[in-house]
Amino acid sequence: MKNIFTIIKKEFSRFFKDKRMVITVLLPGLLIFAVYSLMGTVFSGMESVDENYKPKAYIVAAPQNLEETFSSILEITEKPSLEEAKKAVTEGELDIVVVFPSDFSQTIGTATPPDVKIFYNSAERNSVYGYTFVTAVLGQINTSAFTVNAASDKFDLATGRDITGNLMSTIMPMLMFALLASGCIAVAPESIAGEKERGTMATMLITPIRRVELALGKIISLTCFALLSGISSFLGVILSLPKLMGGMVGAEAAAFYSVGDYFMVLAIIISVVLVIISAFSVVSAYAKSVKEAGSLISPLMILVIVLGMATMFFAGNVPHVAIYIVPLLGSGLAMSSIMSFSVNPLGFALSIISNLVITAAFVVLLAFMFKSEKIMFKK
Amino acid sequence: MTEILKVENLKKSFNLSRKQQKLEKTYQKVKVAVNDLTFSAYKGEIFGLLGPNGAGKTTTLRMLATLIKPDGGNAFIDGKSIINEENEVRRKIGFLTSELKLEDFFTPNYLFGFFSELYGVDKTTAAQRRQVLFSKFGIDKFAEVKFGNLSTGMKQKVSLVISIVHDPELIIFDEPTNGLDVLTAKVVTDFLEELRAEGKTIILSTHIFSLVEKLCDRVGIIINGQLIALDTLENLTKEKNLEDTFFELYEKTTGDRI
């Protein structure tokens with residue numbers, strides 16, 4: 001046990017003495033802040049909806065000649081009142097609310113044209129689709145005869161919490177996986193393949209340190225460095241959130257999540273880093289040089305990012321809880337559920353346990369590799 | 001005489017890659033690096049392992065240091081097997097070879113502390129040993145300079161000191177004076193004599209005849225992985241000097257004319 005701390009101390013000392021390494025690890029957070037702030041200005045809903053989908057709408061005082069058209073393209077829903085209907089839009093139960101002025105037919109085409117109000121929820125893709133759809137239909141009638149949403153009402157009924165949840169659950173897993181993997185690739189090859197290449201690993205291997213202690217010491221310290229990178233990236237995301245969402249959400253966005261949410265995300269990040277760093281360490285131990293390790297790790301890096309991206313396709317619907325056991329994919333789904341305020345506690349626990357089991361297997365494999373002369377001393 | 005090292009029928013072969021076959025100019029897929037090596041070393045002696053490049057000296061030393069495993073035979077260091085009791089063996093030996101490097105980012109002071117901890121040396125003993133060894137080799141003057149910024153001689157002194165942080169019974173030196181200037185080489189050879197005087201056993205691998213003649217009590221001549229001669233330096237040099245004896249044995253074994 002003492003030797004594990006000796007190795008960890010040495011790795012920390014080595015890491016913080018190398019300024020380039022520290023910068024490499026902390027840079028992603030700064031980059032994310034800059035890039036995402038810029039992205040916020042061009043970010044727009046690009047999600048697709050089933051083309052046969054009929055948006056659920058509540059319509060007030062629709063002119064007779066439009067009633068038939070709306071019935072064919074929308075699923076008209078009844079609500080006790082306008083306020084109830086708007087609340088349903090906010091909660092995602094209803095897609096849009098269209099309010100025609102009671103004197104629509106009389107004032108259409110006059111000097112004071114009627115204003116049609118369409119309430120929608122920008123955090124819900126179906127609602128955005130419904131809004132676009134109704135606007136397009138109205139636009140075909142006579143655009144100069146009346147106006148749409150000309151009043152100063154708040155037509156987007158999505159709350160900042162909804163927008164944050166929607167966006168974060170979509171981008172967070174992919175983003176974090178990519179950033180964590182880049183943090184891991186910055187430290188693992190250097191610490192393991194680098195030591196092998198420089199001959200300093202052999203110097204440690206002739207000491208009485210148990211190979212499993214060496215493997216654990218390496219993985220724990222490398223996890224800390226990669227976590228630094230992960231935390232820096234996470235802060236970058238949180239701080240860039242208001243700009244990323246184009247002002248839809250203010251600086252209070254980070255406060256939508258509870259302390260518990262943050263702890264759960266942190267637990268997922270730690271377990272993900274453990275899996276990635278231990279996998280990268282095994283590959284680095286196999287490689288003859290840092291360069292070779294980098295080449296061998298590249299496909300793994302792509303796999304990690306793809307697994308992060310794959311969570312986007314689930315869109316919050318995980319068909320079976322067993323999917324959470326799939327390493328990294330399960331973590332991405334668990335992270336996504338936390339970000340969208342719909343945590344699945346069993347899924348969360350399964351993803352963490354699965355990652356820890358995988359990490360333990362990699363540690364044992366790494367210790368075995370440290371024992372193997374063919375791997376450690378191959379020319 | 002107390003036997004510290006006992007080597008019994010040690011064997012080691014390596015598979016040759018196509019590239020290595022080309023380099024070695026052979027069609028054989030396996031190279032026998034060490035073939036049935038048997039010898040002993042005793043407390044307080046310097047045992048020289050003499051041989052040309054590729055004779056199997058370094059492979060033998062790497063097996064004794066537990067970096068690689070033998071294919072056959074065994075070796076015992078103070079009664080501990082290099083095959084089954086690797087960690088016990090590691091506590092009893094110090095190994096200095098150009099293959100083992102120290103991290104450039106660390107200072108000699110840090111490195112001494114780090115390896116003392118790995119060898120389980122308690123802090124007080126480590127501090128005392130550091131003071132004695134650093135002072136003996138003049139390392140205190142550059143104890144806080146990063147290893148990567150030291151000269152070759154300084155690095156070799158630090159490497160030597162680090163290899164014996166745990167005060168081992170058996171010290172294995174592979175070409176310890178290679179690449180050193182005459183002054184540093186003298187410091188190292190003097191230190192080897194001091195270690196012998198302290199009762200330590202030293203295995204010295206080299207191809208420098210003068211070094212063997214100056215330091216060694218007994219010599220093993222190894223050619224093509226086999227021990228061709230094993231005797232005291234006195235007996236080996238009775239009729240001819242060591243160099244002539246070595247070349248005569250080499251020609252007899254390999255059939256090559258020098």
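Listed by first and then second residue, the pairs with beta-carbon distance under 7 Å, at least 6 apart or on different chains, first residue in region A:5-16 and assigned by TED's automatic domain parsing to the domain that holds A:Thr200 and β-branched (Val, Ile, Thr), second in a helix (DSSP H, G or I) and open to solvent by 30 Å² or more (accessible area, probe 1.4 Å), are A:Thr6/B:Glu117; A:Ile8/A:Ile220. Restricting region A:157-190 to residues that are in contact with a Phe, Trp or Tyr (Cβ under 6 Å, 6 or more places away or on another chain) and of a type outside the set (A, V, I, L, M), the residue that is surrounded by the most Cβ atoms within 10 Å (Cβ to Cβ) is A:Cys184. Name the residues in region A:101-121 that are surrounded by fewer than 20 Cβ atoms within 10 Å (Cβ to Cβ) and assigned to a loop (DSSP other than H, G, I, E, B), would you? A:Pro101, A:Ser102, A:Asp103, A:Ile108, A:Gly109, A:Thr110, A:Ala111, A:Thr112, A:Pro113 - these are the residues of region A:101-121 that are surrounded by fewer than 20 Cβ atoms within 10 Å (Cβ to Cβ) and assigned to a loop (DSSP other than H, G, I, E, B). Among the numbered criteria (1) under 13 Å from A:Thr207 (Cα atoms); (2) within 21 Å of the chain's Cα centre (by Cα); (3) part of a loop (DSSP other than H, G, I, E, B), which one does B:Ser116 miss? Of everything listed in (1) under 13 Å from A:Thr207 (Cα atoms); (2) within 21 Å of the chain's Cα centre (by Cα); (3) part of a loop (DSSP other than H, G, I, E, B), B:Ser116 misses just condition (3). For region A:129-141, state whether one or more residues are more than 35 Å from the chain's Cα centre (by Cα), open to solvent by 50 Å² or more (accessible area, probe 1.4 Å) and not assigned by TED's automatic domain parsing to the domain that holds A:Leu30. Yes, region A:129-141 has at least one match.
Selection within region A:342-352: residues that are among the hydrophobic types (A, V, I, L, M, F, W, C) and in contact with a helix residue (DSSP H, G or I) (Cβ under 6 Å, 6 or more places away or on another chain). The member of this set that is nearest to B:Ser17 (Cα to Cα) is A:Ile352.
Where strands (runs of 3 or more DSSP E) sit wholly within region B:192-258, those with at least 2 residues that are buried (at least 16 other Cβ atoms within 10 Å of the Cβ) and not aliphatic (A, V, I, L, M) occupy B:201-206, B:218-223. Of note, B:Glu103 satisfies the criterion of being under 22 Å from A:Met369 (Cβ atoms) and more than 18 Å from the chain's Cα centre (by Cα). Does region B:81-96 contain any residue that is among the hydrophobic types (A, V, I, L, M, F, W, C), more than 13 Å from every other protein chain (Cβ to nearest Cβ) and either farther than 23 Å from A:Phe16 by Cα or open to solvent by less than 10 Å² (accessible area, probe 1.4 Å) (or both)? No: region B:81-96 contains no residue that is among the hydrophobic types (A, V, I, L, M, F, W, C), more than 13 Å from every other protein chain (Cβ to nearest Cβ) and either farther than 23 Å from A:Phe16 by Cα or open to solvent by less than 10 Å² (accessible area, probe 1.4 Å) (or both).
Conditions tested, residue by residue: (1) modelled with pLDDT of 75 or more; (2) within 17 Å of A:Val35 (Cα to Cα); (3) assigned to a helix (DSSP H, G or I).
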{"position": "A:Val212", "(1), (2), (3)": "yes, no, yes"}
{"position": "A:Ala215", "(1), (2), (3)": "yes, no, yes"}
{"position": "A:Lys218", "(1), (2), (3)": "yes, no, yes"}
{"position": "A:Leu222", "(1), (2), (3)": "yes, no, yes"}
{"position": "A:Phe225", "(1), (2), (3)": "yes, no, yes"}
{"position": "A:Gly236", "(1), (2), (3)": "yes, yes, yes"}
{"position": "A:Ser240", "(1), (2), (3)": "no, yes, yes"}
{"position": "A:Gly246", "(1), (2), (3)": "no, yes, no"}
{"position": "A:Ala267", "(1), (2), (3)": "yes, no, yes"}
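Taken together, the residues in region A:184-215 that are more than 14 Å from chain B (Cβ to nearest Cβ) and closer than 17 Å to A:Met1 by Cβ amount to 1.
Of the strands (runs of 3 or more DSSP E) lying entirely inside region B:1-67, those containing at least 1 residues that are open to solvent by 30 Å² or more (accessible area, probe 1.4 Å) and among the basic types (Lys, Arg) span B:3-15, B:30-42. Taking the residues in region A:353-378 that are without any contact (Cβ under 8 Å) to a residue 24 or more places away in the chain and closer than 27 Å to B:Ser17 by Cβ as candidates, determine which candidate is least open to solvent (accessible area, probe 1.4 Å). Going through the qualifying residues, I end up with A:Ser372.
The values are calculated or read from the model by the stated rules, or taken from the named source; none is laboratory data. Source: prediction; values computed, not measured. Ideal geometry is used to build each Cβ from the backbone, glycine not excepted, and the neighbour counts take in all protein chains shown. Only protein heavy atoms, including side chains, enter the accessible area calculation; ligands, DNA and RNA are left aside. Shrake-Rupley method; radii C 1.70, N 1.55, O 1.52, S 1.80 Å.
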